[in-house]
Each structure stands twice: as C-alpha cells, then as structure tokens.
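The values are calculated or read from the model by the stated rules, or taken from the named source; none is laboratory data. Please read all numbers here as calculations on a predicted model, not as lab measurements. Positions of Cβ are generated from backbone atoms using ideal geometry, with glycine treated the same way; all protein chains shown enter the neighbour counts.
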Amino acid sequence: MKDKRMSIRISETELQRIHSKANKARMSFTEYVTKACLGKQIFVINGLDEVIRQQKAIGRNQNQLTTLCNMGKVNMANLSELTDEMQKQMLFSLMFLKKRGGENSNSKIYCK
C-alpha cells in the first residue's frame, strides 16, 4: 500500500524531462521515479506495441485451432511447430526493434 508522500526540489526542466521519460516508458510518474530510485533498469523498446498486437492475434488463432481440434472439427496432430515458429518470429521482431534502435540504444533484450 502506497501511503507515504515524498517531496523533492528540482528545476522545471528536470521535472519535464522526468515526465517525458515516464511517458516514453508508459509508466506513471510515481512508478517511474520509484523504479529509477530503487536502481531498477527501465527499458523502452519503440515499436513493441505492434509486435505484441501481432503475437496476440497469433495466440487467438492458435486458441481457435486448439478449440476446433478438441471439438473434432479439425485434425491437427501437433501444434509444437506452430509454437516454435511463433517463438522464432517474436525473437526476430525483438532483435529487429533492438537493431532499429541503433548502437546508442539503451534498450536491452533478454531471451532465455
């Protein structure tokens, strides 16, 4: 529960820069400042929204295929190839976004 307030003095320019960074990270001002002050890394990958949208669409299609298989309307023995391909596409998309960010990009991508 967040029940404590904190007050600091900063210039108008600094305040605007922090708000701008929080907006870019799609975080609230409080969330951004808290994570930054606690030493947590904040990654912003421009274009990730489109990748997520595409992945959700693929996931919906996969769920529909699974439902049809369970209903006996479609015979599909193995969805592992589809799942493997989805993972490859996601990795490719993330690497593309990282590369597009350039050498000076602060964003990092971790894949397990």
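Look at region 1-39 and say how many of its residues are assigned to a loop (DSSP other than H, G, I, E, B), of a type outside the set (Gly, Ala, Ser), free of Cβ contacts under 8 Å to residues at least 24 places away in the same chain and loosely packed, with under 10 Cβ neighbours inside 10 Å. Even if it seems obvious, please write down each step before you answer.
So the first thing to find is which residues in region 1-39 are assigned to a loop (DSSP other than H, G, I, E, B), and the list is 1-11, 25-28, 38-39.
Retained after the next criterion (residues that are of a type outside the set (Gly, Ala, Ser)): 1-6, 8-10, 26-27, 38.
Within this subset, residues satisfying the condition of being free of Cβ contacts under 8 Å to residues at least 24 places away in the same chain are 1, 3-6, 8-10, 26-27, 38.
Now narrow it down to the ones that are loosely packed, with under 10 Cβ neighbours inside 10 Å: 1, 3-6, 8-9, 38.
Summing the residues that are assigned to a loop (DSSP other than H, G, I, E, B), of a type outside the set (Gly, Ala, Ser), free of Cβ contacts under 8 Å to residues at least 24 places away in the same chain and loosely packed, with under 10 Cβ neighbours inside 10 Å in region 1-39 gives 8.
Quickly run through region 67-86 and pick out the residues that are of a type in the set (D, E, K, R), at pLDDT 80 or above and within 20 Å of Ala57 (Cβ to Cβ).
Residues of region 67-86 that are of a type in the set (D, E, K, R), as a first pass: 73, 81, 84-85.
If we keep only those that are at pLDDT 80 or above as well, we get 73, 84.
Asp84 - this is the single residue of region 67-86 that is of a type in the set (D, E, K, R), at pLDDT 80 or above and within 20 Å of Ala57 (Cβ to Cβ).
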> In the set Met86, Met90, which member is of a type outside the set (Val, Ile, Thr), touching a Gly at 6+ places or on another chain (Cβ under 9 Å) and outside any loop (DSSP other than H, G, I, E, B)?
Replying inline: Met86
